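Peer 1: Pasting a structure below so you can have a look.
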Amino acid sequence: MEELPRSASVGDPQAQYERALDLDNIEGDGRDPAEAARWYRLAAEQGHADAQLHLGLMYDSGDGVERSEAAAVEWYRRAADRGNPDAQVNLGLMYLNGTGVAKIETAALHCFRLAAEQGHPKAQFNLGALLYNGAAGEPDLAEIYRWWTLASLQGHPSAQQCLELVAGRLSREQLAAAQAAVAEALRRTQSLV
C-alpha cells in the first residue's frame, strides 16, 4: 500500500489513477474529491483513459471541481478517442442533449455506435433508439432489432419492451435475418473472450 503513493508521486499514471480512486471512493470523512480530481488530472494529462473519464464525470457533476460542461465534454472526448466506451456514451449523451457542446445527433450516433460495438448495453439501446427515430435516415428495423436484442441480453431495462415493438414490424424474413445478425454478433463477442 505504501508503494502506491510513492509510484503516484513519481508520475506513474496507473498509480495516480488508483490513488484518485482511493480518495474518490472512501466513505465518510476520508473522502477528498478535490484531491481525487488532482490525481485524476495528473493521470489524465498523461493519456490515462479511465482517469480522463473520471475527470469528465467530476466536471459534469461539479464534484471536487467547479462544474463545467465544456470541461466535461473535453475530458470525455479525450477518453472516447482512446476507446473508453463509458466516455463514448457520456460524450454521445452530451451531443444528444446539447450539453456543453452543440446538439448534433449524428455525433451522438457516432459515439453510441463506437461504444455499442464494444458491447456497451446503454450504447446499444441508445443507438437503437436514435436509429428508430430516424437520426440516420429511414430506420433499418433489422439493425435496430439487433442493437436492442444485444442490449436486452445484457439486462438493459427498456430494451425488451422496445424490442417487442420493433419485432412486430418486421416481416418473417427480416426477423430471421436480424436474428442471424444477433447470433453472429454474439459469436464474435464470444471469440474475443
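The values are calculated or read from the model by the stated rules, or taken from the named source; none is laboratory data. The structure displayed is predicted, hence computed values, not measured ones. In this analysis, Cβ positions are derived from the backbone assuming ideal geometry, glycine residues included, and neighbour counts consider all displayed protein chains. Ligands, DNA and RNA are excluded from the accessible area calculation, which covers all protein heavy atoms including side chains. Shrake-Rupley method; radii C 1.70, N 1.55, O 1.52, S 1.80 Å.
Peer 1: Could you give every pair whose Cβ atoms fall below 8 Å, whose first residue belongs to region 135-159 and is touching a residue at least 24 places away in the same chain (Cβ under 8 Å), and whose second residue is surrounded by 17 or more Cβ atoms within 10 Å (Cβ to Cβ) and among the β-branched types (Val, Ile, Thr), counting only separations of at least 6 or pairs across chains?
Peer 2: Between residues of region 135-159 that are touching a residue at least 24 places away in the same chain (Cβ under 8 Å) and residues that are surrounded by 17 or more Cβ atoms within 10 Å (Cβ to Cβ) and among the β-branched types (Val, Ile, Thr), the close pairs are Leu141/Val166; Tyr145/Val166; Tyr145/Val182; Arg146/Val182; Trp148/Val166; Thr149/Val182; Leu150/Val182; Ala159/Thr149.
Peer 1: Can I ask one more? Check Asp81, Asp86 and return the single one that is buried (at least 19 other Cβ atoms within 10 Å of the Cβ) and either in contact with a Phe, Trp or Tyr (Cβ under 7 Å, 6 or more places away or on another chain) or free of Cβ contacts under 8 Å to residues at least 60 places away in the same chain (or both). I'd like the intermediate steps shown before the answer.
Peer 2: Values: Asp81 fails: buried (at least 19 other Cβ atoms within 10 Å of the Cβ).
That would be Asp86, the only listed residue that is buried (at least 19 other Cβ atoms within 10 Å of the Cβ) and either in contact with a Phe, Trp or Tyr (Cβ under 7 Å, 6 or more places away or on another chain) or free of Cβ contacts under 8 Å to residues at least 60 places away in the same chain (or both).
Peer 1: Given (1) more than 20 Å from Ala135 (Cβ to Cβ); (2) without any contact (Cβ under 8 Å) to a residue 24 or more places away in the chain, where does Tyr95 come up short, assuming only one miss?
Peer 2: Only one criterion in (1) more than 20 Å from Ala135 (Cβ to Cβ); (2) without any contact (Cβ under 8 Å) to a residue 24 or more places away in the chain is unmet by Tyr95, namely (1).
Peer 1: Could you identify the single residue in Thr149, Thr189 that is farther than 30 Å from Ala72 by Cα, of a type in the set (S, T, N, Q) and surrounded by 20 or more Cβ atoms within 10 Å (Cβ to Cβ)?
Peer 2: Working: Thr189 fails: surrounded by 20 or more Cβ atoms within 10 Å (Cβ to Cβ).
The match here is Thr149.
Peer 1: Filter region 98-120 down to the residues that are more than 26 Å from Thr149 (Cβ to Cβ) and either at pLDDT below 95 or open to solvent by 40 Å² or more (accessible area, probe 1.4 Å) (or both) and list them by number.
Peer 2: Ala102, Lys103, Ile104
Yes/no per residue for (1) open to solvent by less than 60 Å² (accessible area, probe 1.4 Å); (2) hydroxyl-bearing (Ser, Thr, Tyr); (3) modelled with pLDDT under 95:
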site	(1), (2), (3)
Leu23	yes, no, yes
Ala36	yes, no, no
Ala49	yes, no, no
His54	yes, no, no
Leu57	no, no, no
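Peer 1: If you don't mind, another one. Run down Ala107, Ala123 and say which single residue is touching a Pro at 6+ places or on another chain (Cβ under 7 Å), in a helix (DSSP H, G or I), without any contact (Cβ under 8 Å) to a residue 40 or more places away in the chain and more than 23 Å from Glu173 (Cα to Cα).
Peer 2: On the way: Ala107 fails: touching a Pro at 6+ places or on another chain (Cβ under 7 Å).
One residue alone meets the criteria, Ala123.
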